[in-house]
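In what follows, a structure is listed as structure tokens, so that the remarks can point back to it.
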Amino acid sequence: MKRSNRLLILFGVFLAVLSMVGVIVVAGGGSGTGSAKASPTPTPEPQVPVVIAKVDINLGDKITGDMVETQPMKVSERDALGGDTYSTTTQVIGKIAGGTITKGSVIYSDKSFLQPGSFIAGADLASAVAPGKVAVSMEVDQVNGVGSLLVPGDHVDLILSVWMDQLHITNDAASSKWKIEIAGGQQVTTKMVIQNRKILATLLPSPEAVAPVANPGGSPTPQPKSTAQTVTNGGVHMIVVVEVLPDEAEIIRWAQREEKADPQNYITLGLALRSDKDNDAPAVTTPGITFKQLVTIYGVLPPDPRGVIPADLAKQISW
């Protein structure tokens, strides 16, 4: 056989083998593609808006729109926070911060805010006091404490009432001389002494401190608990922590020297709640009030002393 013929035969065999290998490879690849399942594209976890602090918020601050914002968060991340969060900023505007909320922190509905008569244990009260001011506490009842409806962040004016001793004039029968005594009764004088000061905290008695209603001949009957968010006049006394200037703290402490459990003390401090729209308003000038001013300015009729004093002295009084 010629050499050229042998080369042609070998080349043909090589092509046949190469073709068989190609067929096997193609067949194997095709069968693998048909049996394998395509990997599913992972579904992205849904996100929800969560309200966070846009700036640092201090205890007692009233939340405004520029203090908060929303940021997207995965549902699993939100659930892992372990507290009730807010989804819109309108849900928190107007609420009172119950502690320092740092910038970027999530705001929770169950621990970020204060309600009337509450305070968060362990909260840093000192950081809420403005530089140059001090915090003092005073006890008020529902009459002079705006019905125990005050909450941290409210601004109030403080009114001081003092009962002043009056003169008492009597006639000494033995000497036929007039006798003047200091303790002739009390006359109240009232003045708004402190204006536009912020409430930092309010403390109400615990429910355990309220005595149950007595049931004669039986066991005490517990007070029924109201399911509505209402305030009743139950003679509640509340502790109010107020932010004031140092000299104003002296006035409050002076007025507290005669504090008693009586509904009205001889020295009384009362609170007047201001509109939150007047928090930046300047102080106003008030004249104060005494009984004499009630008569001369407002026309209040004074009692006629001529019926209780000696006749010769009464003749000298013009009415």
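The values are calculated or read from the model by the stated rules, or taken from the named source; none is laboratory data. Because the structure is a prediction, the values reported are computed rather than measured. Methodologically, a virtual Cβ is constructed for each residue, glycine included, from the backbone with ideal geometry; neighbour enumeration extends over all protein chains shown.
Would you point out which residue out of Leu271, Leu200, Leu160 is surrounded by 15 or more Cβ atoms within 10 Å (Cβ to Cβ), part of a strand (DSSP E or B), modelled with pLDDT of 65 or more and touching an Asp or Glu at 6+ places or on another chain (Cβ under 6 Å)?
Leu200
Note on the stretch 53-91: residues that are among the small types (Gly, Ala, Ser) and closer than 22 Å to Asp280 by Cβ total 2. Under the condition of being under 30 Å from Asp278 (Cα atoms) and surrounded by 12 or more Cβ atoms within 10 Å (Cβ to Cβ), the residues counted in the stretch 38-83 number 19. Scanning the stretch 279-316 for residues that are surrounded by 13 or more Cβ atoms within 10 Å (Cβ to Cβ) and either in the same structural domain as Asp154 (by TED's automatic domain parsing) or not in a strand (DSSP E or B) (or both) turns up Asn279, Thr286, Thr290, Phe291, Gln293, Leu294, Arg306, Ile309, Leu313, Ala314. Only residues that are small (Gly, Ala, Ser) and over 19 Å from the mean Cα position of the chain (by Cα): list them for the stretch 138-164, please. The one that is small (Gly, Ala, Ser) and over 19 Å from the mean Cα position of the chain (by Cα): Ser161. Got at least one residue in the stretch 133-146 being charged (D, E, K, R), touching a Pro at 6+ places or on another chain (Cβ under 9 Å) and farther than 13 Å from Gly270 by Cβ? For the stretch 133-146, residues charged (D, E, K, R), touching a Pro at 6+ places or on another chain (Cβ under 9 Å) and farther than 13 Å from Gly270 by Cβ: present. Screening Lys179, Lys191 for residues that are of a type in the set (Lys, Arg), surrounded by 12 or more Cβ atoms within 10 Å (Cβ to Cβ) and either at pLDDT below 65 or not assigned by TED's automatic domain parsing to the domain that holds Lys95 (or both) leaves exactly one candidate, Lys191. Taken over the stretch 71-85, the criterion of being farther than 7 Å from Val50 by Cβ and among the hydroxyl-bearing types (Ser, Thr, Tyr) is satisfied by Ser76 alone.
Among what's in the stretch 89-104 and is surrounded by 12 or more Cβ atoms within 10 Å (Cβ to Cβ) and at pLDDT 85 or above, pick the residue that is farthest from Gly153 (Cα to Cα). Don't jump to the end; show me each part of the working.
So the first thing to find is which residues in the stretch 89-104 are surrounded by 12 or more Cβ atoms within 10 Å (Cβ to Cβ), and the list is 89, 91-101, 104.
Pick out the ones that are also at pLDDT 85 or above and you get 89, 91-93, 104.
On the way: Thr89: 19, Gln91: 18, Val92: 14, Ile93: 13, Gly104: 22 Å.
Only one residue tops the list, namely Gly104.
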